[in-house]
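> Pasting a structure here, questions to come.
The values are calculated or read from the model by the stated rules, or taken from the named source; none is laboratory data. The shown structure was predicted, so the numbers you read here are calculated from the model rather than taken from an experiment. We place every Cβ from the backbone using ideal geometry, glycine too, and count neighbours over all the protein chains shown. Protein only, heavy atoms only, side chains kept; ligands, DNA and RNA dropped before computing areas. Shrake-Rupley method; radii C 1.70, N 1.55, O 1.52, S 1.80 Å.
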Amino acid sequence: MIRALLVSAATLLFVVSAQAQSAQSAQTALSLPAQVGKQMFVDKTLSGSGRMSCASCHDPANHYAPANDLSVQLGGPKLNKPGVRAVPTLTYKDYTTAYTDLADNPDGVSAPGPGGGFTWDGGAGTLAEQAKIPLLSPVEMANHSVADVVAKLKKSSYAALFVQAFGPHAFDKPALAFARAMDALQAYQLEDPSFHPYSSKYDLYSSNKVGGDLTPAEVRGFAVFQDPNRGNCAACHFSGAGVGGSVAQFTDYSFSAIGVPRNTKAITANKDAKHFDMGICSRADHPRPDSAEFCGMFKTPTLRNVATRKSFFHNGQIRSLEEAVRFYATRDSNPERWYPTVNGKVQKFNDLPRKYHGNIDTQMPLDGRAPGSTPPMNEQDIQDLLAFLNTLTDSYVPPEPPKPAPPSAEALAPALGRYLAAHGEICVAKYDWPIDVSARDIASRTRDSIQMPVLERQGLVSSRDGYVVYRDDKGEESVPTKRYVLTEAGERFYKAHDVTLHAPGGGDGATHHRDLCAGQLELERIVRVNAPEAPTHVSVAYQYRFKAEPWVTPDDVRRVFPMLDTLLQGQGKMEMQQGFHLDGEAWVADTTLEAK
């Protein structure tokens, strides 16, 4: 409002501030074999039903894991045959080495033991070997033979790309063509960053990037995860530096027998009481009894994206992440919750023959404590751990920073008061003295010709008569002129006051350093704070007091200085407006006074 008054009275006064890695996915150029693998991955014609592809179970939109809530997936020629194991994610497989009975543990502490390999039992040595399993399984993609798969590839829309990738004779030998196709699927999974994006909140946290600040619950959950006396998750789901330069894979690639309850509802084979899926020792290359020590052991999966899963462990018996965590917390203290009771006795570890129960891992939290004892994790630990595990989900987008709350009137009042003290002085554009008023000025009723006599009556200026000679093409003329100078009384009000005038053509003009001043604006009260949706700038509507100098109040002064009259009349009534901006954590007044 002050600015409006000053501008409208221009003849009186002039006044003068998330994972780089996901972006890489869109930019990565795949090799020709990987391009073939990408086409194969979503090709439903490569199945016996014509309705199932790799992506049907390993959904790219769900981190290459099933998007449904089935314990095991349905496949076969009519898509009605249940599988025998839960489908794992295909993400973060790029550092997995081939299986060995005595693999070095990446934690550098644990003794060597079974580790590496693909599938729940580690039976596939490479991603290429793993890829052929579902293609030929009668309960998955259900192709009759290798030749059957190759014949479908020859008819595919990308057959020419296959030839381009593997040579003009790529389809001549079915066995070799099938091997190349498996290599293509492997290349796709290794090369495409979407299989290992490292784009979770945890990744931002561990690399100290913006958006990676963990909540208090997540911090506590990470502590539970690491604590050997509570969650002890890190003992198997290792989060440190691993093989091949890997970091934070959240698996040590090891195998453990943890006695997951039997799934008799979803897995048809389990309806036979004599059937057991015993992990490593179910493999042809690890027959019993020679491999009895490995019976019941299944691979430790990565926990990345675990919060998006809907079935857990090798048989999908556990149906939520919370239930999986509670299983670890209470398997031993409350076994009746997880296993059937027959004739009053809990049938603990009912999916593993009793003679192999000695293989059950006894690391915390599954330490074999007595039923009814205190669980290693309490309810707070469980909820905090769940919070942390959710930070491992990829494609994390940090929330927008909280919008700062608009400052209150009480908070802005001191700053506005200080601003008015520094910038609220009102002056009347009498910069340079003496000031001459000629007869011509009087005839034209210029500002000075009207105002200077009034100032003289107030004793601020004195005058003496003289002449000014004007020369033009018509000759010269001596024009009567009064020269006004400040009196001693007027000098009291001639104060330091920097003003830069605007030049007629735009830009800055002359700068003046002193002016005849009429008073000071002070804050009466803030009427309201006007804040936009994202209040980094606000404006304040306020009412003022005008602490006028004594010479301002007479009627004849107010008549010839209408701006001063307006200010006097508007005290406590008229609203003015001042802008503020956020400077760090402080609200600071803008450098100009804004009109309402």
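> Round to a whole angstrom and tell me the spacing of the C-alpha centers of the stretch 122-137 and the stretch 273-331.
18 Å
> Can you pull the one-decimal nm distance between simple spin-label points at SER395 and VAL163, each 7 Å off the Cα toward Cβ?
Going by the 7 Å Cα→Cβ label model, 3.7 nm.
> Could you please report the charge total around ASP203, scoring K, R as +1 and D, E as -1 over all other residues with beta-carbon less than 15 angstrom from its beta-carbon?
Summing Lys and Arg as +1 and Asp and Glu as -1 gives 0.
> Which aspartates and glutamates, if any, have their Cα less than 19 Å from the Cα of LYS430, not counting same-chain residues under 8 positions apart?
Output for LYS430: ASP441, ASP448, GLU456, GLU488, GLU491, ASP498, ASP508, ASP515, GLU549, ASP556, ASP565.
> Taking the simple approach of a point 7 Å from Cα along Cα-to-Cβ for both HIS537 and HIS144, what is their distance in nm?
Placing both labels 7 Å beyond Cα along the Cβ direction yields 7.5 nm.
> Lysines near LYS355 by alpha-carbon distance under 19 Å, same-chain residues fewer than 8 away left out - which ones?
Within reach: LYS274, LYS345.
> Which cross-chain or sequence-distant (5 or more) residues have an amide H under 5 Å from the amide H of ALA103, H modelled 1.01 Å from N in plane?
GLY113, GLY115
> Can you pull the one-decimal nm distance between simple spin-label points at ASP473 and ASP498, each 7 Å off the Cα toward Cβ?
Taking the two extended label points, one gets 4.4 nm.
> I would also like to ask the following. Out of (i) 28.4; (ii) 31.5; (iii) 26.0, which label holds the value of Kirkwood radius over Cα pairs in Å that was computed here?
(ii)
> Looking at the stretch 73-107, which trypsin sites (Lys or Arg not before Pro) are DSSP coil and have at most 11 other C-beta atoms within 10 Å of their C-beta?
Numbers: sites: LYS78, ARG85, LYS93; in loops: LYS78, ARG85, LYS93.
Passing both the DSSP loop test and the Cβ count: LYS78.
> For a quick protection proxy, order the peptides 171-180, 514-523 by their average other-Cβ count within 10 Å, most packed first.
The densest-packed peptide leads the list: 514-523, 171-180.
> Right, something else. With the other protein chains left in place, how much accessible area per residue, in square angstrom, belongs to the stretch 313-353 at a 1.4 angstrom probe?
43 Å²
> Step through the residues of the stretch 159-166 one at a time and calculate ³J(HN,Hα) from phi using the Karplus curve (6.51 cos²θ - 1.76 cosθ + 1.60, θ = phi - 60°), rounding each to whole Hz and writing x for Gly and Pro.
Calculated HN-Hα couplings, in order: 4, 5, 5, 4, 5, 4, 6, 10 Hz.
> Rounded to the nearest 500, what is the 222 nm mean residue ellipticity of the chain from helices alone, with -39500 (n - 2.57) per DSSP H run of 4+ residues and division by all residues?
Values: 18 runs with 161 residues, N = 596.
After summing the helix terms and dividing by residue count, I get -7500 deg cm²/dmol.
> Under 5 Å between amide H atoms, partner at least 5 residues away or on a different chain: which partners does CYS427 have, H built in plane at 1.01 Å?
ALA518
> Over 19 Å between Cα atoms, which of LYS93/LYS209; LYS78/LYS154; LYS93/LYS265; LYS44/LYS78 qualify?
The answer is LYS93/LYS209; LYS78/LYS154; LYS93/LYS265.
> OK, next. Whole Å is fine, so just give me how far the alpha carbon centre of the stretch 376-420 lies from that of the stretch 195-223.
Value for the Cα centre distance between the two parts: 15 Å.
> Would you please give the FRET efficiency between ALA422 and THR374, computed as 1/(1 + (r/R0)^6) with r the Cβ-Cβ distance and R0 = 56 Å, to the nearest 0.05? Don't skip to the end; give the middle numbers.
Working: r = 66 Å, r/R0 = 1.18.
Computed FRET efficiency for ALA422 and THR374: 0.25.
> Oh, and also: Once amide H atoms are placed 1.01 Å from N in the peptide plane, what residues at a sequence separation of 5 or more from GLY509, or on another chain, have their amide H within under 5 Å of its amide H?
The answer is LEU501, HIS502, ALA503.
> May I ask you to list the trypsin sites (Lys or Arg not before Pro) in the stretch 377-474 that are in a DSSP loop and have at most 15 other Cβ atoms within 10 Å of their Cβ?
ARG445, LYS474
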